[in-house]
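FYI, it's all coordinate maths here, none of it is from the lab. Being a predicted model, the structure only gives us computed values, none of them experimental. Cβ atoms come from the backbone with ideal geometry, glycine included; neighbour counts cover every protein chain shown.
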Amino acid sequence: MASLNDDLQVRWWKLEETLMNKFGKKPDMEAILFLIGIQEFGNIQKKFSKEQKQDLMHIAVCSLLSQSGYYQLEGFDDDGWPHFLQLKELPTFGMIEQENFLKDHILLYFENMEEM
């Protein structure tokens, strides 16, 4: 199991390095989720309210976990915001496991983006 976590960490560091080279500073998990949320929302604005930033991170999490069948895109509201339907219960994890679960989905997301 240790080698699996080591591999995840190495791949995570590579992603952080790539994003750091692109944006000039090392992003934390929230920044990466925010970035994915903007990507999925598709409406790039100069400023987002605090509530919109939280919504964007929620969009990111739902988009990420839809890769594993936890969520499904249900549609868009009148303002173009995506809405998701939860298809199955999320596993119960401790903090570290939850973070690794999310990191794994983020890495998968970026790997799929490269293939497009």
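Numbers below:
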{"quantity": "Helix-only CD estimate at 222 nm, as mean residue ellipticity for the chain, using -39500 (n - 2.57) per DSSP H run (n ≥ 4)", "calculated": "-21500 deg cm²/dmol"}
{"quantity": "Computed FRET value (nearest 0.05) for LYS53 with ASP7, which takes r as the C-beta separation and R₀ as 30 Å", "calculated": "0.45"}
{"quantity": "Relative contact order %, the chain, counting alpha carbon pairs below 8 Å whose residues are six or more apart", "calculated": "20 percent"}
{"quantity": "Choice from PHE93, PHE34, PHE84 with maximal GNM fluctuation in the chain (Cα, 10 Å cutoff)", "calculated": "PHE93"}
{"quantity": "Dimensions (Å) - the chain, Cα atoms, principal axes, largest first", "calculated": "46, 37, 29"}
{"quantity": "Viscosity 0.692 mPa s, temperature 37 °C, Stokes-Einstein D of region 50-110 from Kirkwood C-alpha radius, µm²/s", "calculated": "264 µm²/s"}
{"quantity": "Extension gain (nm, one decimal) between ILE96 and PHE23, 0.36 nm per residue minus Cα-Cα", "calculated": "23.6 nm"}
